[in-house]
Structures are given as structure tokens and as C-alpha cells.
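Note sheet for the following structure.
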Amino acid sequence: MGTSKIRMAIIGTGGRGVDCFGKLLRRRDDVELVAFCDPNPERMRQAAAELELSPSYHASVEAMLAAERLDAAVVTSPDFCHEANAVAALDGGLDVLIDKPLSTTVKGCRNIIAAAAKSGKAAIMGFNLRHVETLKRLKALVDSGELGKVFLIENREFYDGGKTYMSRWNRKYECSGGLWIHKGSHDFDIFNWLLGFPKPYKVSASAAVNVLKPEGLPFALEPGKPAGPSCDRCAYQAKCPDAYRLDADAKWGEAAEACDGYCKNLCMYLSDKDTHDNGIATVEYENGARASHLECFITAYSDRLYTVVGDKGMAEVSLRDRSILVRPRWSRETILHQLPEAAGGHGGADPSLVSSFIDLCEGGGGQAAATLEQGLLSTSIGQAAELSVRQDRTIFMRELLD
């Protein structure tokens, strides 16, 4: 593209689209954010004001493509819209970054992959964990053979912010594909990546809402004084330790809500939901390796804790502490890798992800850190975990992948 700027669109002007990608792209000299696409016009206006931009506004990708000359787009719409939005953008000749998950179903992933192949455009997955320096160092340790042949991985994610999923669209299976896809797709991808992408064989999972339900309200109700329906409107906002306040973010204010009825901070205890606030999923691969993923949104802190075991040693990882402790198998020695703090969202991962996408758009010859095919593999495990919970059985991956 020479010295011209990449004409970029954001499809989905919510928190991830604006507060992450929008702000990062806004600061770049080689990108011009020229268009927003979102069915909520007020949200687009507020997003533009927040970013101090004057983009065009469009309610659909098709309308945007008909009106604008664009080079690329970032897809950050709700998960169930990823397939339609990504396919439309690719069919329109745009390079595309699709934030995780690729889609909520294997079928949807395959449709996006087919559209990308037909278009010949650059299309990558937004797996920002691949860009976290601690995990990049862990991957290098695994690939070096220092741990030997890895046969077992455990991840425990404790995420205090995850409780707000029950206040947002993510709480609905029809919108997110379930949290094993929306949230777990990160972690299943890391398993696949560390192991070198073996084919998954079977998945078993158990999950439930154990805490974030009406009887779990962390305060006593007063006679004739109901709680909810949202934190902003709740009579108990001042005393609820889980109150989810939107503060002055006008993207979610009354004017935006009036456009489509969407409220971002429903009471996480009283909201209608069919996802989970905690669960455990296990994956067995055809090469015999096994991995387990625990996610819990009822916690006092946030961290991802990995244990990776090989036949020559094991590694214990904390993303919060940016540490990797290696324990060689036949030694009392321990080796600590302590990584420095990185600037930028998600421990410096978000700026790195954006830079890798821009490099691809500019034809820099780089390779995507995470491909669409790898996005499909992650979604397939998440979909299997959801089926396992909902059907109370082990899911053999041939049911989804063959």
C-alpha cells in the first residue's frame, strides 16, 4: 500500500471495539479509522466522540461496503454476529481481524474460512493470549525441549470480572455460544498451541450457575423493596459489593439503551441466563496428551495459572505475576523466569496483536500469530464442552470435525 494509510472500519462499537482496538488504531500514523458499523446509532456517535473521530456510520456491513472505500476491518461485534460480519467483509475485499471466538459453531468457522480462501485477503484471529510475553516464553520453553514431551496441561482461571458476563449479552447461549466458547476459546487455543495443534479426540465438561442466582444476593431484601433490574436502577446499589456501575460511559447510557433496549448492567443475580459462573472442561488429544481448564468467575482476584508437565520437567505459570517456575524432573533445582511488566492492554498483548494485523495488511510478509483454522479448532473444543454440559455426556470430536 506504499505510504498511504490503511482505511479501517470497526464492526461492533462496544467496549472491545472502541476501548481496545479503537484507541490503539487511533494512535497509529499508518491507519485511518473511517467507518463504524453497528446497529445502534447512538453507540456509534458516542464511540466517535470518545475517540475524537468523525467516521461514517452504518447499520450493516453491506451498507458500509456500498458507501465506503475500505482496506480492512476489525470484527468486534457480539459472537453470534461474527460469521455474518466476517463473511461480508471478506466478500467485500477487506483484510479482517476477527476477535475471539472465530464463530460460535464449527459450521460458522468453516464458512468464514471458505470466504477468506475465496477472497485471498488476510484474515487472522484475535487470540491476544498468544501475544502475552509470559506465554510466549512458555511456548519457547516447550518448543526447546526443556520440559521434554508434554503430555499434561492444567489451567485454572480465576476471573473476578467474569461475573459481569451475567449482566451482559454473554449470559445468553444463543448470543455467545456459551462461555466455553466466548471465554474458554482463549484457553483451549493455548492448549492447542503449546501442544503443537494435535487433533482433539474427546471432551468432557461440567458447569453450572452456583452463585449468581436470586438466592445468592449478597444482601438482605427489605419488605416491598425489590432488587434490580439493573445496577444503575437498583435500590441496593450502594450496599451491593458486586454492583456493576457503568459510570460516565455514554456508549451504554440511556440514549443508547433507548435505541435497541440493550442494558449492559442487568443484575447478575436476577438476570435471565443459560451459561455458567464456574466449570471444568477436560480435553484428550489423539496423541495421548490431556488438558484441563477450570474457569471460575466467583473470586476475589484474577489470574491464569498454568501447569505444564513433560517427561523431563514441569513448569508452573502465573500470568498475574508474569512468572514461570521450571522444575526439572530429576533435580531439586528450580529455574525462575520472571518477566518484566509490559505496557498496553492484556499485559501488552493487545498492541502486539494490532501491530501484527497491520503488518499483514501492509504486505509486510509476516505471518498471523493465530490462523482461522486454529480459531476453528478452539471453537470446536468449546462447542464440544457446551454440548457435554448440556447433554451430560462425553463428546467425541469426530461428531463435530468429521
Listed residues 46, 223, 294: farthest to the positive end of the dipole of the chain (Cβ charges): 294
Which of 82, 337 has the fewest Cβ neighbours within 10 Å, and the rest in rising order: 337, 82
Give the residue list of GluC sites (Glu not before Pro) in the stretch 88-172 that are DSSP loop and have at most 16 other beta-carbon atoms within 10 angstrom. 146
Please give the calculated 222 nm ellipticity per residue for the chain, where each DSSP H segment of at least 4 residues contributes -39500 (n - 2.57) and the sum is spread over every residue; nearest 500 deg cm²/dmol? -8500 deg cm²/dmol
Hey, what do the phi angles of the stretch 155-172 turn into as Karplus ³J(HN,Hα) couplings, whole Hz, using 6.51/-1.76/1.60 and θ = phi - 60°, x for Gly and Pro? 10, 10, 10, 10, 9, 4, x, x, 4, 6, 4, 6, 9, 10, 4, 4, 5, 9
What is the list of residues in the stretch 369-402 whose amide nitrogen lies under 17 Å from a point 7 angstrom out from the Cα of residue 213, following Cα to Cβ? 389-392
Beta bridge orientation in the chain: antiparallel %, DSSP, nearest 5: 60 percent
Place +1 on the Cβ of every Lys and Arg and -1 on the Cβ of every Asp and Glu in the stretch 94-172, take the dipole about the Cα centre, and give the residue among 124, 151, 106 whose Cα lies farthest towards its positive end. 106
What are the principal axis extents of the Cα atoms in the stretch 6-127, in Å, biggest first? 38, 26, 24
So for 175, 109, 37, fewest C-beta neighbours within 10 Å to most, what's the order? 175, 109, 37
Given a cut-off of under 8 Å on Cα pairs at least six residues apart, what relative contact order in percent is computed for the stretch 197-286? 56 percent
Nearest-20 debye value, the chain charge dipole, Cβ charges on Lys, Arg, Asp, Glu: 640 debye
Tell me the label-point distance for the pair residue 333, residue 243, using the 7 Å Cα-to-Cβ offset, in nm and rounded to one decimal. 5.5 nm
Within the stretch 102-118, backbone nitrogen closer than 17 Å to the virtual label 7 Å beyond the Cα of residue 274 toward Cβ: 104-105
Restricting to Cα pairs below 8 Å that are 6+ residues apart, what does the relative contact order work out to for the stretch 11-161? Please round to a whole percent. 17 percent
Hand me the GluC sites (Glu not before Pro) from the stretch 328-402 located in a DSSP loop with no more than 15 other Cβ atoms within 10 Å, in residue order please. 333, 341
What GluC sites (Glu not before Pro) does the stretch 1-60 have in DSSP loop regions with at most 13 other beta carbons within 10 Å? 52
Using the alpha-carbon centroid of each, what span in Å lies between the stretch 328-354 and the stretch 180-229? 26 Å
What percent do you get for the relative contact order of the chain when only Cα pairs under 8 Å and 6+ apart count? 22 percent
May I ask for the longest run of the chain untouched by chymotrypsin sites (Phe, Trp or Tyr not before Pro) that are loop-located per DSSP and have at most 14 neighbouring C-beta atoms (other than their own) within 10 Å? 1-218
Counting Lys +1, Arg +1, Asp -1, Glu -1, what net charge surrounds residue 199 among other residues with beta carbon under 15 Å of its beta carbon? -3
Residue by residue, what Karplus-based ³J(HN,Hα) values in Hz, rounded to whole numbers, does the stretch 19-24 have, using 6.51, -1.76 and 1.60 with θ = phi - 60° and x for Gly and Pro? 6, 9, 5, x, 5, 5
So if I take the centroid of the Cα atoms in the stretch 276-310 and the same for the stretch 25-43, what is the distance between those two points in Å? 35 Å
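Read-outs: derived from the displayed coordinates by stated rules, not from any lab. The shown structure was predicted, so the numbers you read here are calculated from the model rather than taken from an experiment. Glycine gets a Cβ as well: all are built from the backbone with ideal geometry, and neighbour counts include every protein chain shown.
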